[in-house]
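Single-structure report; data block below.
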Amino acid sequence: MSLDAEATKVAAGAGLNGQAPRCDHIDLLSAVEPGKRECQECLAAGRAWARLLVCLSCGWVACSDAEGGHARAHYWETDHPVVASMEPGSTWRWCYVHRRTV
């Protein structure tokens, strides 16, 4: 823990004016080829999905929390931290470790 000019506690790596620290997980990612545009777990259960996410560590494709949460389950199983939306043109990414968009 570091101190700011007024000797108040500031979390290491915190951004300016209370901004969240930069997510270093995105720096560790390499290019991945996404799998099929389907959630294998939902297919096996006979369920539909509306939003698919791709794991940016390995390319695994699964549904979002709104459908079945299979992308989050993949994170819990593998510790792969960042997913992205499979929607065309989207730049949305989520870090499960920091629990925020990155």
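The values are calculated or read from the model by the stated rules, or taken from the named source; none is laboratory data. Here the structure is a predicted model, which is why all the values come from computation and not from measurement. A quick note on method: Cβ atoms are made from the backbone with ideal geometry, for glycine too, and the neighbour counts reach across all protein chains shown.
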* To do: Would you be able to say whether some residue in the range 28-41 is modelled with pLDDT of 90 or more, surrounded by 13 or more Cβ atoms within 10 Å (Cβ to Cβ) and in contact with a helix residue (DSSP H, G or I) (Cβ under 7 Å, 6 or more places away or on another chain)?
  => yes
* Structure fact -> Conditions (1) in contact with a Cys (Cβ under 8 Å, 6 or more places away or on another chain); (2) farther than 11 Å from Tyr96 by Cβ -> Ala66 fails only (1)
* Could you list, in sequence order, the residues of the range 65-78 that are at pLDDT below 95 and either under 11 Å from the mean Cα position of the chain (by Cα) or among the small types (Gly, Ala, Ser) (or both)? -> Ala66, Gly68, Gly69
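State all residues of the range 44-85 that are of a type in the set (A, V, I, L, M) and surrounded by 14 or more Cβ atoms within 10 Å (Cβ to Cβ); if no residue qualifies, say none.
First, the residues of the range 44-85 that are of a type in the set (A, V, I, L, M): 44-45, 48, 50, 52-54, 56, 61-62, 66, 71, 73, 82-84.
Scanning the range 44-85 gives Leu52, Leu53, Val54, Leu56, Val61, Ala62, Ala71, Ala73, Val82, Val83, Ala84.
Checking the structure you have, find out if any residue of the range 27-37 is of a type in the set (Val, Ile, Thr) and assigned to a loop (DSSP other than H, G, I, E, B).
We begin by selecting, within the range 27-37, every residue of a type in the set (Val, Ile, Thr); these are 32.
Adding the requirement that they be assigned to a loop (DSSP other than H, G, I, E, B) leaves 32.
Taking every residue of the range 27-37 in turn, at least one turns out to be of a type in the set (Val, Ile, Thr) and assigned to a loop (DSSP other than H, G, I, E, B).
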